[in-house]
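Participant: There's a structure below that I have some questions on.
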Amino acid sequence: MNIILLGPPGAGKGTQARKLVEERGMVQLSTGDMLREARSSGTEMGQRVAQVMDRGELVTDEIVIGLIAEKLAQGATGGFIFDGFPRTLAQADALGALLAEMGQKLDAVIEMRVDDAALVARITGRFTCGDCGEVYHDQTRPTKVEGVCDSCGSSNLKRRADDNEESLRQRLMEYYKKTSPLIGYYYAKGNLHVVDGLGEIPAVSGDIKAALDNA
Ligand code: AMP
């Protein structure tokens, strides 16, 4: 089954995608992770997009569609979870065409709905393990031992360069201008499911599971 997790920055898409990978053997395709990897490995594309990302703007459709096309070609038996992609109508059309070429389809789009005020608090306290990807928060989900990942024991804990209030405001603006029209787009296609993204992580996972079982 192929699904999209749709929602503003801080909605919990990455956290829920990781759970679906563990529980259902799906493959997570996060364009944000791919772009950060390109940046840190210093590729020409990575250098080109670094400033755009730090400003909280979207990188070009051409770049992200290219990244996704490459990963889709590798296949996934448990299906794909698109996390942070598509973010524009052009990307959504391109994804539909790429899946159709492979004889596949999109089975569900999960909109994770959250209150804007909660996003600022979520994002500004967020840090992740650079080794296993576990997500933490200064106030609501600190590590048990300071500076050490609960999940894998690594001390490689990181904060994203764009997880600050100024950049977040820009990311939210981009979301409302360019990405939120996808909610109507997928509603019209008949595969939109809405979940409340503000609950505790297990409650949100339960709602997503129920939506996927109905898809
Ligand atoms: P994320 O980790 O999904 O929050 O993405 C971090 C940043 O990467 C975004 O603020 C954009 O600059 C860029 N980015 C990630 N995915 C996309 C996409 N599908 N289209 C355009 N830019 C993207």
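Participant: What size of dipole, in debye to the nearest 20, comes out for the chain about its Cα centre when the only charges are +1 on Lys and Arg C-beta atoms and -1 on Asp and Glu C-beta atoms?
Facilitator: On the way: 25 positive and 31 negative charges, 14 e Å.
For this selection, approximately 60 debye.
Participant: Continuing with this model, one more query. For segment 152-215, what is the Kirkwood hydrodynamic radius in Å, using each pair of distinct C-alpha atoms? Each step should come with its number before you reach the end.
Facilitator: On the way: mean 1/r = 0.0670 Å⁻¹.
After inverting the mean inverse Cα-Cα distance, the result is 14.9 Å.
Participant: Cross-link partners among lysines for LYS13, C-alpha distance below 20 Å, same-chain residues fewer than 8 apart left out?
Facilitator: LYS71, LYS158, LYS177, LYS178, LYS209
Participant: Considering only MET26, MET45, MET34, give the residue with the highest GNM mean-square fluctuation for the chain, with springs between Cα atoms whenever their separation is below 10 Å.
Facilitator: The residue that fluctuates most here is MET45.
Participant: Please compute, for the alpha-carbon atoms of segment 27-100, the extent along each of the three principal axes and give them in descending order in Å.
Facilitator: Computed over segment 27-100, the largest-to-smallest principal extents equal 33, 25, 17 Å.
Participant: Where the Cα atoms of segment 88-215 are projected onto their three principal axes, how long is each span, largest first, in whole Å?
Facilitator: Cα spread of segment 88-215 along its principal axes, largest to smallest: 46, 33, 28 Å.
Participant: Follow-up question, since we're still on this one. So what's the back-of-envelope 222 nm ellipticity for the chain, counting only DSSP H runs of four-plus at -39500 (n - 2.57) apiece and dividing by all residues, rounded to 500? Each step should come with its number before you reach the end.
Facilitator: Numbers: 9 runs with 101 residues, N = 215.
Value at 222 nm, helices only: -14500 deg cm²/dmol.
Participant: Give me the one-decimal Kirkwood hydrodynamic radius in Å for the chain, with the sum taken over alpha-carbon pairs. Let's see the in-between values first.
Facilitator: Working: mean 1/r = 0.0564 Å⁻¹.
After inverting the mean inverse Cα-Cα distance, the result is 17.7 Å.
Computed from the coordinates by the stated procedures, all read-outs in this text should not be read as laboratory data. These numbers come from a predicted model, not from an experiment. Counting neighbours? That spans all protein chains shown, and the Cβs are built from the backbone with ideal geometry, glycine included.
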